[in-house]
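These notes are about the structure you will find just below.
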Amino acid sequence: MKPPASNFGALDSSHKREVHLNLCRFALERWESYVRAHSPITYKDSGVGMSHVIDEQLPRDSFESSKAGCDRNRVAQRYAEPILAMQDADFAFPENIAYAYYAIYSLFRKYVQREEIEDWLIVNQSLFSEEDTSKWTQILSDAIGSSPGLSPAPDLQ
């Protein structure tokens, strides 16, 4: 039985995109669940001490832009401040939520901004949005199996 990672690696680029979308949909669910429980999310930047409110809709808009293949609602511009703040450690999400956030950002960078983003990076970041590591294999199998035009390989059932 081939592991899901091998099955993912064997996919062509259009099918990998579908798997990426499925996995980032999962990550987006994690993000939105976190936001419902913690909204509003605020932080103070270390540079000038200004208070900011996290744009909670940004990952959803980013995901929708990635599906469409074009930047809707100025997503690229809206990412500038929160990504910098995360890198400057002005604020931090729980680790799994940070991975969810970064997975969706990586998806956007790959499929909208056309940056060279390693395919497996999006898979890893999305899977890390689930804290229970024992679920990762099944999540990836499900993402591969539920992609349009793909049916689960016999060794994934």
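The values are calculated or read from the model by the stated rules, or taken from the named source; none is laboratory data. As the structure is a computational prediction, the values presented were derived from the model and not from experiment. Every residue, glycine among them, receives a Cβ derived from its backbone with ideal geometry; neighbour counts consider all protein chains shown. Calculation scope for accessible area: heavy atoms of the full protein, side chains included, ligands and nucleic acids excluded. Shrake-Rupley method; radii C 1.70, N 1.55, O 1.52, S 1.80 Å.
A few comments on the model shown:
- Qualifying trypsin sites (Lys or Arg not before Pro) in the stretch 1-93, where qualification requires a DSSP coil assignment and no more than 12 other C-beta atoms within 10 Å, comprise Arg74.
- Distance between modelled label sites at Glu116 and Lys67, nm, 7 Å Cα→Cβ extension: 3.1 nm
- With R₀ set to 25 Å, the beta-carbon distance separating Arg78 from Asp12 gives a calculated FRET efficiency near 0.20.
- In this structure the stretch 26-112 gives 49 Å² per residue of accessible area when probed at 1.4 Å with all protein chains present.
- Hydrodynamic analysis of the stretch 3-54 uses the Kirkwood radius over alpha carbon pairs. Inserted into Stokes-Einstein at 10 °C and 1.306 mPa s, it gives a translational diffusion coefficient of 114 µm²/s.
- Cut-off 11 Å (backbone N to label point 7 Å along Cα→Cβ of Asp45), residues of the stretch 83-111: 83-86
- Candidate cross-link partners of Lys67 among the aspartates and glutamates, defined by an alpha-carbon separation under 12 Å and a same-chain spacing of 8 or more, comprise Glu18.
- Theoretical gain in end-to-end length, Val53 to Asn124 [0.36 nm per residue, Cα-Cα removed]: 22.8 nm
- Accessible-area composition of the stretch 2-157, carbon plus sulfur, in percent [1.4 Å probe]: 49 percent
- Projected area, mean over directions - the chain, Cα convex hull, nm²: 9.5 nm²
- Helix axis angle, 119-128 relative to the chain longest principal axis, alpha carbon, degrees: 70 degrees
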